[in-house]
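First comes the structure, then the notes that go with it.
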Amino acid sequence: MAIALSWLIFALALAGAEALTGDMFLLMLGGGALAASGTAWLTDWPILADGAVFLVVSVLLVVLVRPALRQRMTPKSLPTGIKALEGKRAVVLNRVDRDAGQVKLDGQVWTARPFNEGDVYEPGESVTVVHIDGATAVVFKH
């Protein structure tokens with residue numbers, strides 16, 4: 001019973017230390033220690049067997065559970081700045097050709113040029129921003 005209590009205290013200490021790191025590694029070791037505590041409490045195996053249970057369960061948790069848990073808990077990053085404008089629709093304000101043009105993009109007026117040099121877009125047409133080149137939106141009609 002004292003060994004089971006020792007494993008339980010070790011599991012709680014690892015879980016508490018995990019709160020400081022946030023890496024999910026110590027939590028997996030805490031799961032292994034919790035399994036070893038359960039094994040020690042339910043069976044009368046030698047302490048080496050409890051250590052083997054700790055090792056096997058910890059390795060399985062680190063290899064199988066930790067990657068999925070980290071992926072799920074990692075926030076998805078949203079594009080910011082000019083990367084957020086790529087793929088958005090814009091409305092042609094002034095004729096867009098290879099020399100000049102303006103579009104209204106996300107409520108702002110941008111200088112624009114066509115993706116293909118020979119293309120010309122007339123005012124009122126809807127275009128898609130392919131990418132931003134400096135302060136110029138490179139657009140394409142879909």
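Tabulated values for the structure
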{"quantity": "Among (1) at pLDDT 90 or above; (2) within 24 Å of the chain's Cα centre (by Cα) - the single one ASP23 does not satisfy", "calculated": "(1)"}
{"quantity": "Residue satisfying condition, being assigned to a helix (DSSP H, G or I) and touching a His at 6+ places or on another chain (Cβ under 9 Å), within set ILE82, ILE9", "calculated": "ILE82"}
{"quantity": "In segment 41-91, the residues that are open to solvent by less than 60 Å² (accessible area, probe 1.4 Å), within 30 Å of PHE140 (Cα to Cα) and in contact (Cβ under 8 Å) with a residue 40 or more places away in the chain", "calculated": "LEU85, GLY87, ALA90"}
{"quantity": "Failed criterion for LEU60 (all others in (1) assigned by the TED database to the domain that holds ALA35; (2) over 30 Å from ALA35 (Cβ atoms) hold)", "calculated": "(2)"}
{"quantity": "Residue pairs meeting the criteria (Cβ under 7 Å; at least 6 apart or on separate chains; first assigned by the TED database to the domain that holds ALA100 and modelled with pLDDT of 90 or more, in segment 129-142; second in a loop (DSSP other than H, G, I, E, B) and of a type in the set (Lys, Arg))", "calculated": "VAL129/LYS88"}
{"quantity": "Output for segment 14-40, where each listed residue is in contact (Cβ under 8 Å) with a residue 12 or more places away in the chain, assigned to a helix (DSSP H, G or I) and aliphatic (A, V, I, L, M)", "calculated": "LEU14, ALA15, LEU26, LEU27, MET28, LEU29, ALA33, LEU34, ALA35, ALA36, ALA40"}
{"quantity": "Test set (1) assigned by the TED database to the domain that holds MET24; (2) part of a loop (DSSP other than H, G, I, E, B); (3) not small (Gly, Ala, Ser) - ASP99 fails condition number", "calculated": "(1)"}
{"quantity": "Residue in segment 114-127 that is outside any loop (DSSP other than H, G, I, E, B), open to solvent by less than 80 Å² (accessible area, probe 1.4 Å), of a type in the set (Ser, Thr, Tyr) and touching a helix residue (DSSP H, G or I) at 6+ places or on another chain (Cβ under 9 Å) present", "calculated": "no"}
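The values are calculated or read from the model by the stated rules, or taken from the named source; none is laboratory data. Please read these numbers as outputs of a predicted model, since none were measured by experiment. Note: ideal-geometry Cβ built from the backbone for every residue, glycine included; neighbour counts use all protein chains shown. All accessible areas refer to the heavy atoms of the entire protein, side chains included, with ligands and DNA or RNA removed. Shrake-Rupley method; radii C 1.70, N 1.55, O 1.52, S 1.80 Å.
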